[in-house]
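Student: Got a structure here, written out as structure tokens. Questions coming.
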Amino acid sequence: MPFVTKLTFQSGDRDVLDRVVDDIKRTAEQKGVELKGPHPKPTTDLHVPQQKRLAPGDSFEKWRYTVYARDIEIHGNDEFARRVAGDEYPSSIHIEADVKQTRGAGR
């Protein structure tokens, strides 16, 4: 039965993220792999408090960090999906994989 592998790439560096997912898309096109995406997801803005000292009220401005995310779906071609999920990426890239088994019509 065919599988659908959904890969979610996240990074604080949008340029590196776009370069990585564009390279995956280009490789999939060259190999004839059915791929959907990359689909951009809404950005996440993180705000983290920072303390100057242990005394109450002593603090710096909150540290702000934006996380960008892209989703890619690979239909079938388990070998390509396994290779993409296991590749080495820049340290600023975080990847999550979700694999779902699909059934044909009438099953």
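Laboratory data are not the source of any read-out in this text; all were calculated from the coordinates shown. Treat the numbers as computed from the prediction; the structure is a model and nothing was measured. Methodologically, a virtual Cβ is constructed for each residue, glycine included, from the backbone with ideal geometry; neighbour enumeration extends over all protein chains shown.
Student: Considering the stretch 57-104 alone, what residues qualify as being charged (D, E, K, R), over 14 Å from V16 (Cα atoms) and in contact with a strand residue (DSSP E or B) (Cβ under 9 Å, 6 or more places away or on another chain)?
Tutor: D58, K62, R64, D71, E73, D78, R82, D87, E96, D98, K100
Student: Please list, ordered by residue number, the strands (runs of 3 or more DSSP E) wholly in the stretch 19-103 having 3 or more residues that are in contact (Cβ under 8 Å) with a residue 40 or more places away in the chain and exposed (fewer than 13 other Cβ atoms within 10 Å of the Cβ).
Tutor: 93-101
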